[in-house]
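The values are calculated or read from the model by the stated rules, or taken from the named source; none is laboratory data. What you are looking at is a predicted structure, and each value in this text was computed from that prediction instead of being measured. Quick reminder, even Gly has a Cβ in these numbers, built from the backbone with ideal geometry, and neighbours come from all protein chains shown. Heavy atoms of the whole protein, side chains included, go into the accessibility calculation; ligands, DNA and RNA do not. Shrake-Rupley method; radii C 1.70, N 1.55, O 1.52, S 1.80 Å.
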Amino acid sequence: MMLRVLEPELMEDAGQVFAYAQADFNRPHSEFIRRIKTLVKNPDFNGKALDLGCGPGDISCRFIKAFPSATLDAIDGSRLMIDFASNTIDKKLLERLNFIHGKIPETSLPNNAYEIIFSNSLLHHLPDPQVLWHTIKQYSKSGTYIAIMDLVRPGRTYLAKTLVDMYASSEPEVLQQDFYNSLLAAFSLEEITNQLAEADLPLSVEKVSDRHVFISGVIA
Ligand SMILES: C[S@@+](CC[C@H](N)C(=O)[O-])C[C@H]1O[C@@H](n2cnc3c(N)ncnc32)[C@H](O)[C@@H]1O
């Protein structure tokens, strides 16, 4: 089995941020929003949501459009990511979407508890995965919907290379390298299941594609 290889926690390199922000993530991101809709079941949801590690804000925007009565706090530790998100978004959406520059767990969030907490592709960036699970526990309450998506680490290095060739061969070199590094930094399903047990967070863990895991549930 291939061991985890950490990548830098925050995405702060200008070339990397720009390539990531320009990349076409339409399929996985629309699929993620579809899964959140299935979980929440209510398109009229009018509560507070939280996006952890929002990056350039593509999913934050999709969420706020999919739930036209919701408000959203979206946080990222990278100044460049938050600037990109704030500068490119349709300004009208900023009435319901608050981009926050801050790193979890150090930064405290504007609300004590949220009704939906979601995150895509943050978990594999964290040296200590419990940072995500503890933040979820801290900022949720009974009934909070949780939806987390991330990559799954393949069992062998050559499988990571195969996935890069399958899904990113037409992308710029910096993005291919980024995807490869992310696959090596990601967790296995077993590791995620153990993390949730350690955090006493009973969420379901499903492998939903050849490279993605979806972790979801409702807080008791
Ligand atoms: C791969 S990007 C994902 C961005 C976005 N969620 C998406 O799916 O397009 C991961 C993001 O997490 C941010 N990040 C990493 N560790 C963080 C932390 N402890 N607190 C806040 N943001 C963090 C990085 O700066 C980066 O922008």
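For segment 15-42, a residue qualifies if it is open to solvent by 70 Å² or more (accessible area, probe 1.4 Å) and of a type in the set (Lys, Arg), and the qualifying residues are 27, 34, 37, 41.
Check 45, 67 and return the single one that is away from the ligand (no atom under 16 Å from the Cβ) and surrounded by 20 or more Cβ atoms within 10 Å (Cβ to Cβ).
Exactly one of 45, 67 is away from the ligand (no atom under 16 Å from the Cβ) and surrounded by 20 or more Cβ atoms within 10 Å (Cβ to Cβ), namely 67.
Could you please tell me which pairs satisfy a Cβ distance under 8 Å, a separation of 6+ or placement on different chains, a first residue in segment 33-59 that is under 26 Å from residue 17 (Cα atoms), and a second residue that is modelled with pLDDT under 95 and among the basic types (Lys, Arg)? Qualifying pairs under 8 Å: none. Per the listing 60, 30, the residue uniquely near the ligand (Cβ under 10 Å from one of its atoms), polar (S, T, N, Q) and at pLDDT 95 or above is 60. Among residues of segment 192-207 that are touching a residue at least 60 places away in the same chain (Cβ under 8 Å), those with a Cβ under 6 angstrom from a residue that is part of a loop (DSSP other than H, G, I, E, B), sequence gap 6+ or separate chain, pair up as 195/129; 196/203.
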